[in-house]
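J.: Okay, here's the structure, questions in a sec.
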Amino acid sequence: MKRYILIIITIIAALLVSCNIDATDGIYSEAAASTESTSVTTRSYLGQYDSAYYYLTDDGIFKIGQENALFADDPENTDAPIIRAASMNQTDGSLLILWQNKKPEDGAVIKYYAFDGTKYADPVVVEGTFTNLLANGLYYNSTGIFKYGCADSLVADIKAVMYTLISGDYAFFCIKDNSDNYKYYVIDASGAVKVNGIGSDTVYNTFIGFQAICDSDFVLLNYKNSNSKLEAYKMSATEIAADPYVTLKSSVPYAFSTQAMSFIYNDEIYFKCTSYFEKIKTDNETEQINTGFAANLRTAEITNILPTADDGIFVAGTKSSMLYRIDLINNSSSRITE
């Protein structure tokens, strides 16, 4: 009899532990699970052109279905630059590539590669030395934010860029001005600039995410050190809400990566946290999601999510399991293999 009681107690304890695993954002189940890995590590999804998916890895720029890289580092040359970032124009297939010199003091250069439908032309070097590049063709150095292809490419003068986060057709910069205040630059694909500044002594200087709701309203995600919570603040082109309008339930996502793992569908905002997705619904309530489209991506470390031309279809880049197609209409996701 005692043995049966012990077995029952063990089963109950196991059930309680499994519930607690989910309550703590799947930390233990995530460690036990494994994602399907490949010979290359995907860094980010660049876009789709002529039905082909392009992506950036630690080994260069590839497209699905082609074994050799379109552009790659030279591992035999210790002084050769390496690819740090890339941006693709999905209309014509052209690429902007940020080549980082091996010596940090030499900085990085951006090269533009036009595509004629068959091959890439010799690159055109963008004037200047740059430190980063965004998915919509915006880039910056220590003097300003630029957009390639504009008659006057300088978008805004800056002192120092703190973080760079992107959201679909929007770019988002946190910039510290000469008075040590933080200015938030929101720039859309046309180059229009919206600026919102706050003092550096506020809680907002620990922000880790941003998402554009519409042309004038945005969400700023702040990490609260005291309780490890993620708080979302609404902001516009002129002001930031004084108090958070929602606190996410999930644990802390990968550091400074929330923006890359977020997207909007039907006016609802999705964030990929440690293992759950979390959704801010239209009534400002939050919901954790680990079934449906999220099931295949629960243990994947997502690098970025970008919308496609099809309604409700997104593509996610991951660190170790290639690209995933997210179908919000049918609530499903699948690995892109060809």
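The values are calculated or read from the model by the stated rules, or taken from the named source; none is laboratory data. Quick caveat: nothing in here was measured; it's all calculated off a predicted structure. Glycine also receives a Cβ, built like all others from the backbone with ideal geometry; neighbour counts cover every protein chain displayed.
J.: All but one of (1) more than 20 Å from residue 304 (Cα to Cα); (2) modelled with pLDDT under 85 hold for residue 65, so report the exception by its number.
T.: So residue 65 meets the others, but not (2).
J.: For region 181-208, name all the residues that are of a type outside the set (A, V, I, L, M, F, W, C) and modelled with pLDDT under 75. Talk me through it step by step, then tell me what you get.
T.: Residues of region 181-208 of a type outside the set (A, V, I, L, M, F, W, C): 181-185, 188, 190-191, 194, 196-197, 199-202, 204-206.
Residues satisfying the conditions are 190, 191, 199, 200, 201, 202, 204, 205, 206.
J.: Hey, can you tell me all the residues within region 228-250 that are in contact with a Phe, Trp or Tyr (Cβ under 7 Å, 6 or more places away or on another chain) and charged (D, E, K, R)?
T.: 234
J.: Output the number of residues of region 312-338 satisfying the condition of being free of Cβ contacts under 8 Å to residues at least 24 places away in the same chain and β-branched (Val, Ile, Thr).
T.: 2
Residue-wise test of (1) free of Cβ contacts under 8 Å to residues at least 60 places away in the same chain; (2) crowded, with 17+ Cβ neighbours inside 10 Å; (3) of a type outside the set (A, V, I, L, M).
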residue: 60; (1), (2), (3): yes, yes, yes
residue: 66; (1), (2), (3): yes, no, yes
residue: 85; (1), (2), (3): yes, yes, no
residue: 91; (1), (2), (3): yes, no, yes
residue: 109; (1), (2), (3): yes, yes, no
residue: 119; (1), (2), (3): yes, no, yes
residue: 134; (1), (2), (3): yes, yes, no
residue: 139; (1), (2), (3): yes, yes, yes
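J.: If you don't mind, there's one more thing I want to ask. Of all residues in region 100-125, how many are in a loop (DSSP other than H, G, I, E, B) and either within 23 Å of the chain's Cα centre (by Cα) or under 24 Å from residue 63 (Cα atoms) (or both)?
T.: 8
J.: Which of the residues spanning region 280-338 are on the phi > 0 side of the Ramachandran plot and surrounded by fewer than 18 Cβ atoms within 10 Å (Cβ to Cβ)?
T.: 284, 292, 312, 331
J.: Next question, about the same structure. Across region 157-174, which residue is farthest from residue 265 (Cα to Cα) among those that are at pLDDT below 75 and in contact with a Lys or Arg (Cβ under 9 Å, 6 or more places away or on another chain)?
T.: The extreme case among them is 159.
J.: Counting residues that are of a type in the set (Ser, Thr, Tyr), which strands (runs of 3 or more DSSP E) fully inside region 227-338 reach at least 3? Spell out the reasoning first.
T.: Working: elements: 229-236, 246-248, 262-265, 268-272, 277-280, 286-289, 302-307, 313-318, 323-327, 332-336.
Once the strands (runs of 3 or more DSSP E) in region 227-338 are filtered for at least 3 residues that are of a type in the set (Ser, Thr, Tyr), what remains is 332-336.
J.: If you don't mind, another one. Does region 231-244 hold any residues that are modelled with pLDDT of 80 or more and either farther than 19 Å from residue 197 by Cβ or not hydrophobic (A, V, I, L, M, F, W, C) (or both), and which are they?
T.: Result: 231, 232, 233, 234, 236, 239, 243, 244.
J.: Let me ask something else. Give me a count of the residues in region 271-285 that are within 19 Å of residue 212 (Cβ to Cβ) and in contact with a Lys or Arg (Cβ under 9 Å, 6 or more places away or on another chain). So that I can check it myself, show each step before the final result.
T.: Filtering region 271-285 for residues within 19 Å of residue 212 (Cβ to Cβ) gives 271-272, 277-282, 284.
From the residues that got through so far, the ones that are in contact with a Lys or Arg (Cβ under 9 Å, 6 or more places away or on another chain) too are 271, 277-278.
Result for region 271-285: 3.
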